[in-house]
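Q: Input: one structure, supplied below.
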Amino acid sequence: MSKSFTFKSKDGQPSVFSTMNPLQPDRTSVSVVITFPEYNKDSNTFIISCSDNRKRRCQLNRLAEGYAEKLFDKLQKAYDKGMVVNFVAAGGNDPDVWFYDIVKSSFSNIDNVKS
């Protein structure tokens, strides 16, 4: 049974919304800002639209138990605050498509972010 996640818009209104190569290193995306976070209940996936016009996906069934809630909180905070972040993909996967984590970017504002 999957849990339902609802990201909230910046104004507080709700908007409904294991890797196959474990020996490969994590890869990190360019610095971006989250423009629209979604949760797809059918596929149990976070789908995150970003300032570089890409949508990154996290399949929650591949996360360790309890980690989805922590990741949800990190994504919501980054979205609410307009934080510049980097997405992290495991197993050598493309971080412009997949992710399992986000980290705060070393860039402090959107002017330095590649779009």
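Q: For segment 61-83: of the residues being farther than 13 Å from Phe99 by Cβ and among the basic types (Lys, Arg), which is surrounded by the most Cβ atoms within 10 Å (Cβ to Cβ)?
A: Only one residue fits best here, namely Lys77.
Q: Return a yes/no flag: does segment 46-53 have any residue that is surrounded by 14 or more Cβ atoms within 10 Å (Cβ to Cβ), modelled with pLDDT under 95 and not hydrophobic (A, V, I, L, M, F, W, C).
A: First, the residues of segment 46-53 that are surrounded by 14 or more Cβ atoms within 10 Å (Cβ to Cβ): 46-52.
After this cut, where a residue has to be modelled with pLDDT under 95 as well, the list is none.
The answer is no, given that none of the residues of segment 46-53 is surrounded by 14 or more Cβ atoms within 10 Å (Cβ to Cβ), modelled with pLDDT under 95 and not hydrophobic (A, V, I, L, M, F, W, C).
The values are calculated or read from the model by the stated rules, or taken from the named source; none is laboratory data. In this text the structure is predicted, and so the values were computed from the model without any measurement. Every residue, glycine among them, receives a Cβ derived from its backbone with ideal geometry; neighbour counts consider all protein chains shown.
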